[in-house]
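One structure is given here, and the rest of the page talks about it.
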Amino acid sequence: MGRPSMAAERTEQIMQATARCLRKSGLAGTTLERVAEESGLSRSHVRHYVGNRDDLLRGFANWLYTGYEAEFIDKIAGAADREKLPIAMDYLFSTGFLPIGDDDTVIRELITAGITDESIRGILQTRYTQAVQAVEEALAAEYPASSPGARRSVAYGLWCLALGNSTMAELQLPVASGGLIRTAAEGLLERLTHD
């Protein structure tokens, strides 16, 4: 009987090492050699499990966003209607986007990669679209009489406010960590009461 496959374990090891490399060296400095060194594997093992550098970054984007966005989307989908919007607002304006952590640097590097790499851009578009749709679902539960177009607009606006605010927080802009962004977000929600 053969040995069980090490693919899942090795891939996880490589993905963790890729995150560390992106934090330390940025996108340009994340090479197969650095990932191999960081993971404790040989370069040939890294290539065997994840392919070339482009394959590595695409796989990493899927790996990273599957954890974050899937958890968020699943929480909203599984919540009672009255709990959906509070979950979304807490994620967007506290637990999900603040405080700024090491993964935020990694996410910014992936967004930068997505500007020029069509495959990474497609992954990010899909993941963010799903997340915005989850916010729309939360808004539909709270504001069922509002139009789908208004909910879509507000959901996208809330997502952009949260993402933009996290960028300002990363730059250590003092107002970014205060409650101003939540107040702005609640102003957007008011639009749905008049729709």
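About its Cα centre, the dipole of the chain is roughly 440 debye, where the only charges are +1 on Lys and Arg Cβ and -1 on Asp and Glu Cβ. Only helices reaching 18 angstrom along their own axis (Cα) with mean Kyte-Doolittle hydropathy no lower than -1.0 count here, and for the DSSP H runs of the chain these are 7-25, 53-78, 102-116, 118-142, 148-170, 180-193. Roughly speaking, what is the centre-to-centre gap between the range 167-189 and the range 8-69 when only Cα atoms are used, to the nearest Å? One Cα centre to the other: 32 Å.
Taking the Cα centre of the range 126-195 as origin and assigning +1 to Lys and Arg Cβ atoms and -1 to Asp and Glu Cβ atoms, the resulting dipole is close to 140 debye. Surface composition of the chain: carbon and sulfur atoms hold 54% of the protein heavy-atom accessible area at a 1.4 Å probe. Using a probe of 1.4 angstrom and keeping all protein chains present, the accessible surface of the chain works out to 53 square angstrom per residue. Note on the chain: helix-only mean residue ellipticity at 222 nm, from DSSP H runs of 4+ residues weighted -39500 (n - 2.57) and normalised by residue number, equals -25500 deg cm²/dmol.
Each Lys or Arg adds one and each Asp or Glu subtracts one; over the other residues with Cβ under 11 Å from the Cβ of residue 150, this totals +1. Given the alternatives [x] 0.98; [y] 1.05; [z] 1.02, Rg/Rh (Cα atoms, Kirkwood Rh) as computed for this entry is given by [y].
The values are calculated or read from the model by the stated rules, or taken from the named source; none is laboratory data. Keep in mind that this is a model prediction, so the values were computed, not measured. Note that we place each Cβ from the backbone using ideal geometry, even for glycine, and neighbour counts take in every protein chain shown. Side chains are part of the model used for accessible areas, which takes the heavy atoms of the whole protein and leaves out ligands, DNA and RNA. Shrake-Rupley method; radii C 1.70, N 1.55, O 1.52, S 1.80 Å.
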